[in-house]
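J.: Please see the structure below; I have some questions.
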Amino acid sequence: MAEGNWLLIWSVTLLAHTAHSCPEKCLCHKASKTADCKNRGFTEIPARLPPEIQILQLQNNRIWRINQNAFTATPLLKILDLSNNSISSVALGAFQKLRYLQELDLSSNSIIRLPETFGNSTGNITLLSVKHNKLQKMERILLESLPNLKVVLFKDNPWQCNCNIFGMKLWLESFLYRGGISDGIICSAPGVRKGKDLLKVPYELFGACALRAAPVPPASSHQWPSSEQRAWPKHGPHGEPGDGSRGGCEPKARPRPVSLRHAIATVVITGVVCGVVCLMMLAAAVYGCAYAAITARYHKEHLGPVRQHGTPEEKEPFESSMA
């Protein structure tokens, strides 16, 4: 009986030790609450990580994917370093439940795209590094879900500076205005913008961009008539070549220049109308003057003598009053 109890206690102790022990190949430091798993050849996130760790170093491995809820067993993480791996995709909610996470390093991987959210509890991240990846864009909604960001590193990605990145441009301007720190976004395409700082690309080049206000219709609905394809300008605003495809930012059409012939015709017609009106006014003035002169002459010739001599009836009251 005693032997059985001893075996039970030993099994429970061993199970607890296994559940909370440091993964094989890793070094765990209880004092600093750090799990050092870098340079160990891992191809996935190691299992049985101590739940109390706050720093997890996984850089310089061969991890290729971050699955959903990959770190739910380590909810107290504050610093997570996944740099210099082979990560190509990050699942939606990959960092779910990491409410204390402050620094996330995803640099030097092969990430093509990031999800619209890292998880519903990652709002405390202050540093995010995605430099040295294969990102062409990032969703603005992802960046806005990280309200406490202070530093974000973007460099050495093939950023496509078309309509798909317009939201990032707006977010980055606001982020820097609030005092954030960034190494900037340098365009890799289209060719005319290659090597340019996204912040220095004029807004006019994004004039026709929609801000993802409506869902994108099926691809079949985007077929353009051949006549419109032939009429599509080969050069963007300011004489710059276009993006090379309509999937990018379509420049706003220039206003059509006013026809000089139409302008001259308008001026001539206006002048004629004004001249006719002036002639009519002059004729009216001449007629008025002539009528006034005739009326004055009539009064002088016919009414003047009557007023001068008067009739007996008109004189009598005057004479009686004199008497």
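Every read-out reported here was derived from the displayed coordinates using simple, explicitly stated rules and does not represent laboratory data. Computed from a predicted model, the values in this text were never measured in an experiment. Every residue, glycine as well, gets a Cβ built from its backbone with ideal geometry; the counts of neighbours run over all protein chains shown.
J.: Can you tell me how much longer the chain between residue 293 and residue 170 gets when fully stretched, taken as 0.36 nm per residue apart minus their C-alpha distance, in nm with one decimal?
T.: Fully extending the segment from residue 293 to residue 170 adds 36.5 nm.
J.: Further question on the same structure: Just list whichever of 33/78; 78/134; 97/169; 25/131; 38/150; 78/150 have alpha carbons separated by over 21 Å in the model shown.
T.: Over 21 Å apart, Cα to Cα: 78/134; 97/169; 25/131; 38/150.
J.: Kindly rank 104-111, 29-36, 275-282 from highest to lowest mean number of other beta carbons found within 10 Å of each residue.
T.: Highest to lowest by the protection proxy: 104-111, 29-36, 275-282.
J.: Then there's this: Straight-line reach from residue 300: which lysines have Cα under 25 Å away, leaving out those fewer than 8 places along the same chain?
T.: 315
J.: Now for a different question. Rounded to the nearest 20 Debye, what is the dipole magnitude of the range 49-126 about its Cα centre when Lys and Arg each give +1 and Asp and Glu each give -1 at the C-beta?
T.: 160 debye
J.: Calculate the tail of P(r) for the range 123-201: the fraction of all Cα-Cα distances greater than 19 Å, expressed in %.
T.: It works out to 29 percent of all Cα pairs.
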